[in-house]
1. Looking at segment 144-174 only, could you name the residues that are free of Cβ contacts under 8 Å to residues at least 24 places away in the same chain and under 14 Å from residue 190 (Cα atoms)?
2. Restricted to segment 209-250, and to residues that are assigned to a helix (DSSP H, G or I) and among the charged types (D, E, K, R), which residue is farthest from residue 161 (Cα to Cα)?
3. Could you figure out which of (1) within 28 Å of the chain's Cα centre (by Cα); (2) surrounded by fewer than 16 Cβ atoms within 10 Å (Cβ to Cβ); (3) under 23 Å from residue 236 (Cα atoms) isn't true of residue 197?
4. Inspect all residues belonging to segment 61-77 and state whether any of them is closer than 28 Å to residue 259 by Cβ, in contact with a Pro (Cβ under 6 Å, 6 or more places away or on another chain), surrounded by 16 or more Cβ atoms within 10 Å (Cβ to Cβ) and not assigned by TED's automatic domain parsing to the domain that holds residue 281.
5. What do you reckon, is residue 258 surrounded by fewer than 17 Cβ atoms within 10 Å (Cβ to Cβ), of a type in the set (Lys, Arg) and either touching a Cys at 6+ places or on another chain (Cβ under 8 Å) or without any contact (Cβ under 8 Å) to a residue 40 or more places away in the chain (or both)?
6. Which residues, taken from segment 120-159, are more than 22 Å from residue 238 (Cβ to Cβ) and modelled with pLDDT under 90?
7. With touching a Phe, Trp or Tyr at 6+ places or on another chain (Cβ under 9 Å) and either of a type in the set (S, T, N, Q) or closer than 19 Å to residue 118 by Cβ (or both) as the only criterion, which of 287, 245 stands out?
8. Is one or more of the residues making up segment 131-138 part of a helix (DSSP H, G or I), loosely packed, with under 15 Cβ neighbours inside 10 Å, without any contact (Cβ under 8 Å) to a residue 12 or more places away in the chain and of a type outside the set (A, V, I, L, M, F, W, C)?
Amino acid sequence: MTGMHDTHHEPSVPALEQIYGTKVASAAAKRRAMRLDVTSQGRRPGKPSYTVLILAIIVFVFPLYYAVSIASQNSPSNQYGVRALIPGTALLSNIGRAFNAIDFVQALTGTFFVSTLVSISTVLFSTLAGYSFAKLRFRGRNFLLTFVIATMTIPQQLSVVPLYIMANKAGLYGSLWAVIIPGLVSAFGVFWMTQYIGDALPYELIEAARVDGCSMIRTFWSVALPAARPAASMLFLFTFIGQWTNYFWPMLILGSNKNSMLTVAAAALKGAYFTDYTMVMAGVILTTFPLILLFFFAGRQLVSGIMAGAVKG
């Protein structure tokens, strides 16, 4: 009871700062945080939290470790089972073989071109649509938004046959444009940007821009787009990753031009009668390594975009 009584009557940190100065107030704030076992961002995690996090990291990292371990094996006889858990010494040589087998430079260039163009297009069109649905008033708005969201429930496999027929009739079979055009905008992107802009952009800013003489497009470009930057960055990164790892549709539509994308080219390393998984996993490493670099340099932006969307939503 005494401890509770003392805590209840302790002066606040701003009061301490006024009376004794910043140093005393800062020391008192640290002492209270240690006593309550909290940080500036919330309560400190305990051993159960760390245990769960460690297990989650092991579960997600193990497939990557196993792929690297298989790719490093000296002999195809060591590429299966428990023996493959111990890394070998032939990683660089196997990566070199896979590099030459799939024409890595061509596949990397094509994959980067497709992923970048689709990501930019998705962000632009999704932000435009999200701004329209969130801040403009027009007849049928709610119905159209519901219709767009409803398309997210349709499996991709159902649209493969119509897309394949249209791509053939348009003369796009075997071309990267057959991969790019169906992904220029996504229903998830429209939904995500609508939700974010609806909460992040106040009407007062739009009205102020219109009073200053901005057109609708200028208002979008100068007011809405900067406000939506965190969510747009997250959408760009997720779309980029999704296109980079896309396999099903490129495998069907690229035909003999399969070396134009990394995922399809790496899958071609599998043999008809015998599969050398040391080279296949080396191809997997070549495919995923650019994404690992992307996460290394842009991971903070990705996390901040997700957290900003969660708070705004």
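The values are calculated or read from the model by the stated rules, or taken from the named source; none is laboratory data. Note that the structure is a prediction, hence the values are computed from the model and not measured. Please note: Cβ atoms are built from the backbone with ideal geometry, for glycine as well, and neighbour counts cover all protein chains shown.
1. Passing the criteria: 144, 146, 147, 150.
2. 210
3. Looking at each condition in turn, residue 197 falls short on (2).
4. yes
5. No, not satisfied.
6. Within segment 120-159, 135, 136, 137, 138, 139, 140, 141, 142, 158 qualify.
7. 287
8. No, segment 131-138 has no match at all.
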